[in-house]
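Data first, discussion second: the structure below is written as structure tokens.
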Amino acid sequence: MSFRPASPLRRALSAALAVMSMAAVPAFAAVGHDSLVQSHQLTVDHSLPKAQRDAQILAARRYDTFWSTGDEALARAALAPGFTDRTLPPGRAQGIEGPLAASKFVRAAVPDLQADIEQMVVSGDRVVVHLRFHGHFTGEFKGVQGQGQNVDFIATDIYRVANGQIAENWHLEDNLTFLQQLGVVAK
């Protein structure tokens, strides 16, 4: 591998993109990229332009950090204004409001919920993430009060990213394991 310094034009474009992406979401500007959830394993299609790859990874990390923290500013930064959930659960609102409500609902049961990105794959306009959620059931869920039980379940998301934001999402969570750990469904 050889090192090739970036051209002045490339440096200027990179700087402009960085400024534009931060300017688009002022509430997020104070949070550095280092505070976002990191992927344990990252697989990237290097035929994609670097700026596109970086924007897709940033959108995914923002959204996955939202699931880890409940910080709505991160969800709003990650999701496009016309965001569409392609596997919308019954009763969940379409658009950005759906994930915001889902996060609040789950956090009422598991206030210390954390999300780890086990692996992330970036190819074309898609980012696939394999997430592991963990925490303790100390809140309430559907009339059941938690007793501090460990919660540990997985989810897989497929994001279509356009203009640096997630435009569409297909997701599958291991809800059976989650509900069994809460004691809401028998094992």
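The values are calculated or read from the model by the stated rules, or taken from the named source; none is laboratory data. Everything numeric in this text was worked out from a predicted model, so none of it was measured. Cβ sites come from the backbone with ideal geometry, for glycine too, and all protein chains shown count toward neighbours.
Sort through Thr43, Thr65 and tell me the only one that's surrounded by fewer than 20 Cβ atoms within 10 Å (Cβ to Cβ) and either in a strand (DSSP E or B) or modelled with pLDDT of 95 or more (or both).
Step by step, each of Thr43, Thr65 is checked, and only Thr43 is surrounded by fewer than 20 Cβ atoms within 10 Å (Cβ to Cβ) and either in a strand (DSSP E or B) or modelled with pLDDT of 95 or more (or both).
Every residue in the range 98-135 that is over 20 Å from Ala60 (Cα atoms) and in contact with a strand residue (DSSP E or B) (Cβ under 6 Å, 6 or more places away or on another chain), please.
Across the range 98-135, the qualifying residues are Ala109, Val110, Asp112, Gly135.
What are the residues in the range 100-115 that are closer than 21 Å to Asp85 by Cα, surrounded by 15 or more Cβ atoms within 10 Å (Cβ to Cβ) and hydrophobic (A, V, I, L, M, F, W, C), if any?
Leu100, Ala102, Val106, Ala115
Among what's in the range 125-163 and is of a type in the set (Phe, Trp, Tyr) and over 28 Å from Ala51 (Cβ atoms), pick the residue that is surrounded by the most Cβ atoms within 10 Å (Cβ to Cβ). Lay out the reasoning, then the answer.
The first filter runs over the range 125-163 and keeps only residues of a type in the set (Phe, Trp, Tyr), leaving 133, 137, 141, 153, 159.
Next, only the ones that are over 28 Å from Ala51 (Cβ atoms) stay: 133, 137, 141, 153.
Numbers: Phe133: 21, Phe137: 24, Phe141: 18, Phe153: 17.
Across the range 125-163, the extreme among qualifying residues is Phe137.
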